[in-house]
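Here you go, one structure.
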Amino acid sequence: MKRISREELRDKLIIHENLKLVEALPKKYWERSHIPGAVQMDYKEVLQKADRLLPDRGAQIVVYCASTECQNSSIAVRELENLGYTNVHEYVEGKQHWLEAGLPITRSAS
């Protein structure tokens, strides 16, 4: 499993590198806050949502969840790889780590 650091992810987002960012948490947590540009795809929804949200199986994809204790992103990464996605990375430390660094988040209007 490929990993990506907070700094690598931040830099890729700053230069608008072409990547798909996926939050592997339930929708209510994504709505509260998520890394800018992230789409919501709970790890339990990978089979149902991957084709629609991530049509290019060769695209660079970064998956994260809440923190190092959260296993949702690891599960989602394995599911995506099993579906044939070839360039999937995990931001293991997740949203908590991102917030601790004071990096920007987006909140969804509910």
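The values are calculated or read from the model by the stated rules, or taken from the named source; none is laboratory data. Not measured: the values here are computed from a predicted model. So basically every Cβ, Gly included, is an ideal-geometry build from the backbone, and we count neighbours across all protein chains shown.
From Ala50, Ala101, grab the single residue that is surrounded by 13 or more Cβ atoms within 10 Å (Cβ to Cβ) and either of a type in the set (A, V, I, L, M, F, W, C) or over 16 Å from Arg3 (Cβ atoms) (or both).
Ala50
Of the residues Ala101, Ala109, which single one is at pLDDT 95 or above and either within 17 Å of Lys44 (Cα to Cα) or out of contact with any strand residue (DSSP E or B) (no Cβ under 6 Å at 6 or more places or on another chain) (or both)?
Sole residue among the options that is at pLDDT 95 or above and either within 17 Å of Lys44 (Cα to Cα) or out of contact with any strand residue (DSSP E or B) (no Cβ under 6 Å at 6 or more places or on another chain) (or both): Ala101.
Being within 22 Å of Glu81 (Cβ to Cβ) and of a type in the set (D, E, K, R) is the filter; apply it to the range 7-47 and report the residue that is surrounded by the most Cβ atoms within 10 Å (Cβ to Cβ).
Looking at the filtered set, the residue picked out is Glu23.
Counting residues that are touching a residue at least 24 places away in the same chain (Cβ under 8 Å), at negative phi and not hydrophobic (A, V, I, L, M, F, W, C), which helices (runs of 4 or more DSSP H) fully inside the chain reach at least 1?
In the chain, the matching helices (runs of 4 or more DSSP H) lie at 6-14, 27-32, 72-82, 94-100.
Okay, moving on. Can you tell me which residue among Ala38, Ala76 is touching a helix residue (DSSP H, G or I) at 6+ places or on another chain (Cβ under 9 Å) and within 20 Å of Asp11 (Cα to Cα)?
It is Ala38.
Would you point out the residue of the range 53-73, among those that are under 16 Å from Glu8 (Cβ atoms) and touching a helix residue (DSSP H, G or I) at 6+ places or on another chain (Cβ under 7 Å), that is surrounded by the fewest Cβ atoms within 10 Å (Cβ to Cβ)?
The selected residue is Ile61.
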